[in-house]
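S.K.: Let me begin by handing over the structure; questions about it come next.
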Amino acid sequence: MIDRQRAARAIEEFLRALGRDVEGELAGTGERVADAWADDLIEGEAIDAAAVLREGAMETGPFERGLVVARDLAVTTMCPHHLLPGHGTGIVAYLPGARVAGIGTIAHVLDALARRLTLQERIGGQLVDLLVNELGARGALCKLALTHTCLIARGERKAGAVIETVAVAGAFAEPGPERDLAFAAALSGGRA
């Protein structure tokens, strides 16, 4: 449970520690920042991603066994090391088993996992594990391509840098034709 009042006070104290007066243009900033974090930036902390996937799943028919690829899904996450955002896009691909999930459900699960204080590498791994374990996918892949504010606004200051991660599970974790299909369809062409 997020204590918004405590968070707002902490933000105001942080601003004072930086030598800023919390009056004038900074009046109310503590509350706005606390609300932004609770309602948007880390809203995924309060969402059970596995439950979202289970609720959005349905049994497959005889023609719903081909590779599913969702490309260019917007992703925003918060770096736990610097409390700065990373944003970009993701590709999710999976081979359905006994159940499929709506594309909106997959996007919602990705958001639930990303909108937390978490590492980019963790998001993809958690997503593919959920697709295999909760949905029964025969194979799953998640590629994330994110620009991290902590890499461009401070430290190394590498403007334009994009960090890419690829996580796989199930049949896509082992060499073979299913993995080749997933990599060819999801990772070639388009952008992530």
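The values are calculated or read from the model by the stated rules, or taken from the named source; none is laboratory data. This one's a predicted model, so the numbers in the text were calculated from it and none came from an experiment. Here Cβ is always computed from backbone atoms with ideal geometry, including for glycine, and neighbour counts include all displayed protein chains.
S.K.: Taking the range 15-34 as the region of interest, how many residues are exposed (fewer than 15 other Cβ atoms within 10 Å of the Cβ) and in a helix (DSSP H, G or I)? Spell out the reasoning first.
M.R.: First pass over the range 15-34, keeping only residues exposed (fewer than 15 other Cβ atoms within 10 Å of the Cβ): 16-21, 23-25, 27-28, 32.
From what's left, in a helix (DSSP H, G or I): 16-17, 24-25, 32.
Matching residues across the range 15-34 total 5.
S.K.: What single numbered condition from (1) in a strand (DSSP E or B); (2) in contact (Cβ under 8 Å) with a residue 40 or more places away in the chain fails to hold for T105?
M.R.: (1)
S.K.: Say whether the condition of being farther than 22 Å from V166 by Cβ, in contact (Cβ under 8 Å) with a residue 40 or more places away in the chain and of a type outside the set (G, A, S) is met by at least one residue in the range 12-32. Give the derivation first.
M.R.: Taking the range 12-32 and keeping what is farther than 22 Å from V166 by Cβ, we get 12-32.
After this cut, where a residue has to be in contact (Cβ under 8 Å) with a residue 40 or more places away in the chain as well, the list is none.
No.
S.K.: Of these, V75, V92, V68, which one is assigned by TED's automatic domain parsing to the domain that holds L117, in contact with a Phe, Trp or Tyr (Cβ under 7 Å, 6 or more places away or on another chain) and within 30 Å of L141 (Cα to Cα)?
M.R.: From the options V75, V92, V68, the qualifying one is V68.
S.K.: Return yes or no: is G124 part of a loop (DSSP other than H, G, I, E, B), in contact (Cβ under 8 Å) with a residue 24 or more places away in the chain, in contact with a strand residue (DSSP E or B) (Cβ under 9 Å, 6 or more places away or on another chain) and surrounded by 15 or more Cβ atoms within 10 Å (Cβ to Cβ)? Don't jump to the end; show me each part of the working.
M.R.: Numbers: part of a loop (DSSP other than H, G, I, E, B): no; in contact (Cβ under 8 Å) with a residue 24 or more places away in the chain: yes; in contact with a strand residue (DSSP E or B) (Cβ under 9 Å, 6 or more places away or on another chain): yes; surrounded by 15 or more Cβ atoms within 10 Å (Cβ to Cβ): yes.
When the stated conditions are applied, G124 does not pass them.
S.K.: Picking from R115, R16, which residue would you name as being at pLDDT 95 or above and more than 11 Å from the chain's Cα centre (by Cα)? Spell out the reasoning first.
M.R.: Values: R115 fails: more than 11 Å from the chain's Cα centre (by Cα).
So the residue among R115, R16 that is at pLDDT 95 or above and more than 11 Å from the chain's Cα centre (by Cα) is R16.
S.K.: If you don't mind, another one. So V166 ticks every box in (1) surrounded by 15 or more Cβ atoms within 10 Å (Cβ to Cβ); (2) not basic (K, R); (3) not in a strand (DSSP E or B) but one. Which box is left unticked?
M.R.: Going through the list (1) surrounded by 15 or more Cβ atoms within 10 Å (Cβ to Cβ); (2) not basic (K, R); (3) not in a strand (DSSP E or B), V166 breaks only (3).
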